[in-house]
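*Asks:* One structure, as structure tokens, below. Some questions next.
The values are calculated or read from the model by the stated rules, or taken from the named source; none is laboratory data. Not measured: the values here are computed from a predicted model. Cβ sites come from the backbone with ideal geometry, for glycine too, and all protein chains shown count toward neighbours. Please note that ligands, DNA and RNA were not included when accessible areas were found on the heavy atoms of the full protein model with its side chains. Shrake-Rupley method; radii C 1.70, N 1.55, O 1.52, S 1.80 Å.
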Amino acid sequence: MHDIRPIIDRALQVLETHRLDRTGAYARWIWQDAAGGRELGLNEYGCADAANILYMVGAFPSDPRERQAWIDTLQGFQDPATGLFTEATHHPYHTTAHCIAALELFDARPRHPLTALHHYLDRDELYRFLDGLHWQDDPWIASHQGAGIYAALVLAGEAPRAWQDWYFAWLYEEADPATGFWRKGHVVPTCQGDSFSGTLAEPTVFPHLAASFHYLFNHEYAHRPLHYPEKVVETCLDIYANHRWPTLGHAVTFAEVDWVYTLNRAQRQTGTHFAETKEALRAFADEYVGFLLELDPATHENFNDLHTLFGCICALAELQAALPGYLASDKPLKLVLDRRPFI
């Protein structure tokens with residue numbers, strides 16, 4: 001068993017250092033990078049991720065006036081003309097879904113309709129959009145768009161049931177029978193990582209896992225079946241056993257929750273590999289918690305990026321649920337993905 005209370009306490013200390021001068025206002029970063037390109041003040045991801053972290057660790061605001069201040073801050077980032085939320089580090093569909101998902105924690109929606117996404121409500125337009133994503137060469141970044149439009153439209157209350165059926169029907173038919181990931185015929189090793197890892201030194205299928213994670217949490221939210229869950233489990237186990245993402249469990253990124261969530265949730269949909277899955281998750285938890293307890297929370301680069309810190313707490317929440325009794329905290333962590341899609 002591991003005591004993760006020190007990690008949670010350190011995360012809350014980081015939140016405090018990133019808090020700005022009004023309720024619900026947070027910076028994503030508090031120091032500049034070498035390129036000097038960071039937005040150090042009020043930031044969409046700073047605010048949304050602070051809300052997400054507070055929700056997961058059981059410190060979410062309950063006072064109605066305080067909650068309304070959070071809502072006002074998050075809603076204020078929306079462009080009333082397009083309905084989109086924009087920020088420099090991510091595609092607007094990702095930022096839009098991420099901010100709307102944070103608003104949902106407060107039982108709130110965006111102020112304005114998502115006008116820029118409405119043409120995707122046509123089935124042919126939706127399928128053209130999905131078909132045109134970079135599934136093979138840049139799957140991780142492309143998934144921000146393909147998953148983001150679903151989460152944004154659904155959480156904004158603008159996606160009819162028929163549209164949701166079209167979305168999941170396309171993905172069901174396009175699942176890859178060899179790996180279980182999306183999209184069939186395109187799951188080949190690639191050197192394209194995400195915005196944090198950049199271009200990789202060696203090709204790997206891990207970016208396809210990370211991309212598929214984004215579509216998987218939409219499936220989990222909607223209680224939709226995977227086409228090849230056993231293959232997903234087998235591919236995840238192979239990635240861990242053969243170190244196909246060398247920093248997995250030794251970094252503060254989203255890669256950790258991508259792998260843990262995908263393996264754990266796919267295993268729920270298949271009757272095989274239960275023991276192997278639990279063994280791999282326990283081994284990973286040993287590595288990951290040990291790494292997190294050793295880092296310096298005051299100076300670690302990604303532990304002080306509220307967006308990657310959020311990914312870290314997500315991974316711990318999913319591990320705690322997957323391994324009952326193995327990760328101890330004063331309050332059980334609540335993964336935001338169990339409430340609504342998108343991180």
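*Asks:* Give me the accessible area of MET1, 1.4 Å probe, in Å² rounded to the nearest 10.
*Replies:* Counting only protein heavy atoms, the figure is 150 Å².
*Asks:* Just tell me which aspartates and glutamates come within less than 17 Å, Cα to Cα, of LYS334; anything on the same chain fewer than 8 places away is out.
*Replies:* Partners within reach: ASP3, ASP9, ASP49, GLU104, ASP107, GLU220, GLU256, ASP258, GLU318.
*Asks:* Something else about it: Please give me the summed charge of the neighbours of LEU84: other residues whose Cβ is under 15 Å from its Cβ, Lys and Arg +1, Asp and Glu -1.
*Replies:* -2
*Asks:* In square angstrom, what is the accessible area per residue of the range 2-338 with a 1.4 angstrom probe?
*Replies:* Dividing the accessible area of the range 2-338 by its residue count gives 39 Å².
*Asks:* Give the carbon-plus-sulfur fraction of the accessible surface of the range 2-338 in %, rounded to a whole number; probe 1.4 Å, heavy atoms of protein chains only. Show your work: numbers first, answer last.
*Replies:* Working: 6740 of 13240 Å².
Answer for the range 2-338 is 51 percent, counting heavy atoms of protein chains only.
*Asks:* Here are some values of Cα Rg over 2.2 N^0.38 Å: [x] 1.06; [y] 1.48; [z] 0.94. Which one was computed from this structure?
*Replies:* Answer label, from the structure shown: [z].
*Asks:* Where does the chain land at 222 nm, in deg cm²/dmol rounded to the nearest 500, when only DSSP H runs of n ≥ 4 count, each adding -39500 (n - 2.57), divided by all residues?
*Replies:* Result for the chain: -16500 deg cm²/dmol, rounded to the nearest 500.
*Asks:* Order ASP79, ASP194, ASP338, most accessible first, counting only protein heavy atoms with a 1.4 angstrom probe.
*Replies:* Most to least solvent-accessible, the answer reads ASP338, ASP79, ASP194.
*Asks:* Of PHE168, ALA50, ALA156, which is farthest on the positive side of the dipole of the range 2-338, counting Cα position, with +1 on Lys and Arg Cβ, -1 on Asp and Glu Cβ, and the Cα centre as origin?
*Replies:* Checking the options against the dipole of the range 2-338, the answer is ALA156.
*Asks:* Taking only Cα atoms and a 10 Å spring cutoff, compute GNM fluctuations for the chain and point out the largest among LEU200, LEU133, LEU306.
*Replies:* Per the Cα network of the chain with a 10 Å cutoff, LEU200 tops the list.
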